[in-house]
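See structure below.
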Amino acid sequence: MNLPSMMPDRLKEAGPDMWSTKGLVFLLVTSIHTWGSIPTHAQPKDACSTLTRELVQAHAKDNVIMFMVLDQKLLGMYANSWLESVRAAGISNYIIGAMDPPTSLTLPTMMPKTQCFNAPVAGVPTASGTGYRWGSEQFVQTTWKKVRIAQKLYALGFHILFSDADVSWMHDPLPYLKQHLAHDGAPHALFTTDSLDTHNNFGDDGLEKGTSPFFNINTGIYFVKQHAGGQEFFQKWLSFDRRGVGHDQDGLNNVVRGKARSSDPNLPMPQWQSAERIVWAAVHNSTAVSYLPVHVMANSYTYHVGRVHKLYNSTLLAVHWVWSGKTPESKVANMRDAMRYSDPPLYYGGSNLTLLTMDIDRPNSPPDFNQRKIDETESMVRFHLNAANYQLQQAYYGMVAAAALRRSFVLPGYHCFCAKNWQVYESEWLQVGHLSKQRAPQIHLCNLQCLHRVWPKLVTGNA
């Protein structure tokens, strides 16, 4: 595991085992962490380059280009972490698009100017009142802008691999993708999904065996190779923006899954070749789509809770940190738990880093916990809440001691008995692994927004 480069040496030397076996998952710090800053001295000549075929060709490998796009908000939250992950994974065939002037001026201070480009589409207006958050007007328009950039890159003649900013790359995906470049036929496009498990057999790291029109596609990571119907595929996808169906992922699910996803009577049912792990796009049946399994391309839930890649002993290529809770703080917390978030030294206490942690008594679940039926969910939730409170009440003493001593508090490892997701489920047990005595990510027990807001006041005596 590659630790963040800006982590203090004393923590790096402890190595990843310190974090995984002793449960030291998060630092509550004595200083406020500021995300990103824009250099005030930057001039237009210092900005990112214009998108040209020559720029892309200079960085493509085997005609494959990975790209990511950023606006000012995403730049501050994720740019350093994304760049650290691709560099640590040995990935070199990537470029980054800047969606606004401040981002275009900032990126060249973080990477070669010739490896970033100005997004060649109209700007995105700021949504009035709602702000930038999931589902807001600005969020929706930004997602469609990413598809337009993908279309323009694809039109230059390259196989494209899109990565959202909130993705951590563990290994270079090109060797995995090249097996699908060895022929011109299906599948033509590969997408991640919102699945929490895989239908693949153990030892099968190929495309998702459960590929079907009934899986929800996620557009956080996708690969489209050059094929005869490729440009029309993007046109069909973008046509759903004009229909007002929602964000880009809603549009793509309509394009590929058609009537299997939508109640729109005008959408056809796609052709599904289960044995070949292929769905022919419902509204563009010359593009064959397959899905990337979660033990190869994970999401936050399958990484932290299901640990599907561990169960399958697979080489994990990437994690898209969705299914992390509803707030940016929750997503960042999950990245930190995996030691995949890039923080400045100040976050860890600067040069005067002093730590405090503690042992707590962790309860175990009843023997029949994972065998309880759906109508016994309430008893499972009650046990989980009692166990969580029992552990948190112990940890409060450590937090107070750390605040009094002006030390960074390392949360002890908790046992969690209820799988928290970003939306409400009828049953608390999900068919992914066993949740008795699960080592809990911090979002399962803490309100991260409140924690980030209160802790700096607590340690300065102003709470």
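The values are calculated or read from the model by the stated rules, or taken from the named source; none is laboratory data. These numbers were taken from a predicted model, which means no experiment stands behind them. With ideal geometry, Cβ positions are generated from the backbone for all residues, glycine too; neighbour counts draw on all protein chains shown. The protein model used for the area step is the full one, side chains on, heavy atoms only, and it has no ligands, DNA or RNA in it. Shrake-Rupley method; radii C 1.70, N 1.55, O 1.52, S 1.80 Å.
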Report task. Take Glu13 and decide whether it is in a helix (DSSP H, G or I), modelled with pLDDT of 50 or more and open to solvent by 40 Å² or more (accessible area, probe 1.4 Å). Result -> no
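Provide a single number: the residues in region 73-119 that are part of a loop (DSSP other than H, G, I, E, B) and charged (D, E, K, R). Walk me through it before giving the result.
Within region 73-119, the first condition is being part of a loop (DSSP other than H, G, I, E, B), and the residues that meet it are 89-93, 99-100, 110-112, 119.
This time we only want the ones that are charged (D, E, K, R), so: 100.
Looking only at that region, the number is 1.
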Query raised in the report: Can you find a residue in region 180-188 that is at pLDDT below 95, open to solvent by less than 40 Å² (accessible area, probe 1.4 Å), closer than 27 Å to Thr52 by Cα and assigned by the TED database to the domain that holds Phe215?
Result: yes
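May I ask you to verify whether Asn364 is out of contact with any helix residue (DSSP H, G or I) (no Cβ under 6 Å at 6 or more places or on another chain) and in contact (Cβ under 8 Å) with a residue 60 or more places away in the chain? Steps first, please.
Numbers: out of contact with any helix residue (DSSP H, G or I) (no Cβ under 6 Å at 6 or more places or on another chain): yes; in contact (Cβ under 8 Å) with a residue 60 or more places away in the chain: yes.
So Asn364 passes the test.
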Requested in this report: State whether one or more residues within region 192-213 are assigned by the TED database to the domain that holds Gly306, open to solvent by less than 30 Å² (accessible area, probe 1.4 Å) and among the aromatic types (Phe, Trp, Tyr).
Outcome: no
Query raised in the report: Is it the case that region 57-64 has a residue that's under 24 Å from Tyr176 (Cβ atoms), modelled with pLDDT under 50, part of a loop (DSSP other than H, G, I, E, B) and of a type in the set (A, V, I, L, M, F, W, C)?
Result: no
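Quick one: would you say Asp194 is out of contact with any strand residue (DSSP E or B) (no Cβ under 9 Å at 6 or more places or on another chain) and either modelled with pLDDT of 95 or more or charged (D, E, K, R) (or both)? Full working, then the answer.
Details: out of contact with any strand residue (DSSP E or B) (no Cβ under 9 Å at 6 or more places or on another chain): no; either modelled with pLDDT of 95 or more or charged (D, E, K, R) (or both): yes.
Against the criterion (out of contact with any strand residue (DSSP E or B) (no Cβ under 9 Å at 6 or more places or on another chain) and either modelled with pLDDT of 95 or more or charged (D, E, K, R) (or both)), Asp194 does not qualify.
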Report summary line: Considering region 120-174, residues that are in a loop (DSSP other than H, G, I, E, B) and of a type in the set (Phe, Trp, Tyr), and then whichever is modelled with the highest pLDDT, we arrive at Phe158
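Quickly run through region 351-365 and pick out the residues that are in a loop (DSSP other than H, G, I, E, B) and within 30 Å of the chain's Cα centre (by Cα). Break it down stepwise before answering.
Of all residues in region 351-365, those in a loop (DSSP other than H, G, I, E, B) come to 353-354, 357-365.
Listed by number, the residues that qualify are Leu353, Thr357, Arg362.
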Query raised in the report: Ile374 is checked against (1) farther than 17 Å from Asp164 by Cβ; (2) at pLDDT 85 or above and fails just one. What number does that condition carry?
Result: (2)
**Report entry** Residues being open to solvent by less than 10 Å² (accessible area, probe 1.4 Å) and modelled with pLDDT under 95 - total across region 306-320
**Finding:** 2
Query raised in the report: Does region 224-245 include one or more residues that are surrounded by 21 or more Cβ atoms within 10 Å (Cβ to Cβ), under 23 Å from the mean Cα position of the chain (by Cα) and of a type in the set (A, V, I, L, M)?
Result: yes
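For region 366-403, which positions are among the basic types (Lys, Arg) and not in a helix (DSSP H, G or I)?
Of all residues in region 366-403, those among the basic types (Lys, Arg) come to 372-373, 382.
Those that are among the basic types (Lys, Arg) and not in a helix (DSSP H, G or I): Arg372, Lys373.
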Report task. Look through Pro328, Pro367 and report the one residue that is open to solvent by 30 Å² or more (accessible area, probe 1.4 Å) and within 30 Å of Thr192 (Cβ to Cβ). Result -> Pro328
Report summary line: Counted residues in region 259-274 being more than 18 Å from His188 (Cβ to Cβ) and part of a loop (DSSP other than H, G, I, E, B) come to 9
**Report entry** Identity of the residue in region 333-382, touching a Phe, Trp or Tyr at 6+ places or on another chain (Cβ under 6 Å) and among the hydrophobic types (A, V, I, L, M, F, W, C), that ends up farthest from Val410 (Cα to Cα)
**Finding:** Met335
Requested in this report: Answer yes or no: is there a residue in region 387-398 that is closer than 21 Å to Val305 by Cα, modelled with pLDDT under 85 and assigned by the TED database to the domain that holds Leu353.
Outcome: no
Query - Number of the condition not met by Arg340 [criteria: (1) surrounded by 22 or more Cβ atoms within 10 Å (Cβ to Cβ); (2) more than 30 Å from Ile217 (Cβ to Cβ)] - result: (2)
